[in-house]
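Before any comments, here is the structure.
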Amino acid sequence: QVQLVESGGGLVQPGGSLTLSCAASGFTFSTSGMSWHRQAPGKEREMVARISKTSTTDYADSVKGRFAISRDNAKNTVYLQLNSLKPEDTAIYYCTTTVRWYAYWGQGTQVTVSS
C-alpha cells in the first residue's frame, strides 16, 4: 500500500533552516508527482511546493526564493529545504501524492519557528 513518511521537523529560530524528508513506498515513485502542503493552527491546508516526475517545480508565492523542493528517485524520497524561516511558516508539513486518482497524505511533521 502507498505510504508516505515525513521527517525532519522541529523547533528553529527565525532566519534558520530545516530540511524535511518524505520517504515513499507502495507505488512507482519515479513516475509520480509529489507535493508538500502545510496547515497552520486555525488555517486551511495550503500547497507549499510541488515537483513533477520530470522535476519541474512550483511554489506558493509565500515561500518562493526561500524553500526548495527536490527528489531522489534512487531513494524514493522527496525533500523540502526550508530557509530564512519566519514565524508564519509554523505549521504541520505534509507530503502528498496522487496514485490512480486517489490522494495520499503522510502523517505530517511539525515545524515551529520561534525565538
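In contact with a helix residue (DSSP H, G or I) (Cβ under 6 Å, 6 or more places away or on another chain) and either open to solvent by less than 50 Å² (accessible area, probe 1.4 Å) or more than 20 Å from Val2 (Cβ to Cβ) (or both), is that true of Val113?
On the way: in contact with a helix residue (DSSP H, G or I) (Cβ under 6 Å, 6 or more places away or on another chain): yes; either open to solvent by less than 50 Å² (accessible area, probe 1.4 Å) or more than 20 Å from Val2 (Cβ to Cβ) (or both): yes.
Spelling it out, Val113 is indeed in contact with a helix residue (DSSP H, G or I) (Cβ under 6 Å, 6 or more places away or on another chain) and either open to solvent by less than 50 Å² (accessible area, probe 1.4 Å) or more than 20 Å from Val2 (Cβ to Cβ) (or both).
Sort out which residues of the stretch 36-51 are within 20 Å of Tyr104 (Cα to Cα) and loosely packed, with under 13 Cβ neighbours inside 10 Å, and write them in order of number.
Glu44
Among the numbered conditions (1) under 16 Å from Ser7 (Cα atoms); (2) open to solvent by 40 Å² or more (accessible area, probe 1.4 Å); (3) in contact (Cβ under 8 Å) with a residue 12 or more places away in the chain, tell me where Asp72 comes up short.
(3)
Is it the case that the stretch 4-24 has a residue that's assigned to a loop (DSSP other than H, G, I, E, B), touching a strand residue (DSSP E or B) at 6+ places or on another chain (Cβ under 6 Å) and farther than 22 Å from Thr112 by Cβ?
No, every residue in the stretch 4-24 fails to be assigned to a loop (DSSP other than H, G, I, E, B), touching a strand residue (DSSP E or B) at 6+ places or on another chain (Cβ under 6 Å) and farther than 22 Å from Thr112 by Cβ.
Sort out which residues of the stretch 10-23 are surrounded by 18 or more Cβ atoms within 10 Å (Cβ to Cβ) and under 18 Å from Val63 (Cα atoms), and write them in order of number.
Those that are surrounded by 18 or more Cβ atoms within 10 Å (Cβ to Cβ) and under 18 Å from Val63 (Cα atoms): Val12, Leu18, Leu20.
Among (1) outside any loop (DSSP other than H, G, I, E, B); (2) open to solvent by less than 30 Å² (accessible area, probe 1.4 Å), there is one condition Val63 misses while meeting the rest; what is its number?
With (1) outside any loop (DSSP other than H, G, I, E, B); (2) open to solvent by less than 30 Å² (accessible area, probe 1.4 Å) applied to Val63, the lone miss is (1).
Take the residues in the stretch 30-60 that are in a loop (DSSP other than H, G, I, E, B) and among the small types (Gly, Ala, Ser); name whichever of them is nearest to Thr90 (Cα to Cα).
The qualifying residue nearest to Thr90 (Cα to Cα) is Ala40.
Pull up the stretch 82-95, narrow it to residues that are closer than 24 Å to Ser32 by Cβ and touching a Lys or Arg at 6+ places or on another chain (Cβ under 9 Å), then point me to the one that is surrounded by the fewest Cβ atoms within 10 Å (Cβ to Cβ).
Result: Ile92.
Would you mind stating whether Thr109 is among the hydroxyl-bearing types (Ser, Thr, Tyr) and free of Cβ contacts under 8 Å to residues at least 12 places away in the same chain?
Criteria not met by Thr109.
The values are calculated or read from the model by the stated rules, or taken from the named source; none is laboratory data. A quick note: this is a predicted structure, and the numbers were derived from the prediction, not measured. Neighbour counts are summed over all protein chains in view; Cβ atoms, including those assigned to glycine, are modelled from backbone coordinates with ideal geometry. The area values use the complete protein model at the heavy-atom level, side chains included, leaving out ligands, DNA and RNA. Shrake-Rupley method; radii C 1.70, N 1.55, O 1.52, S 1.80 Å.
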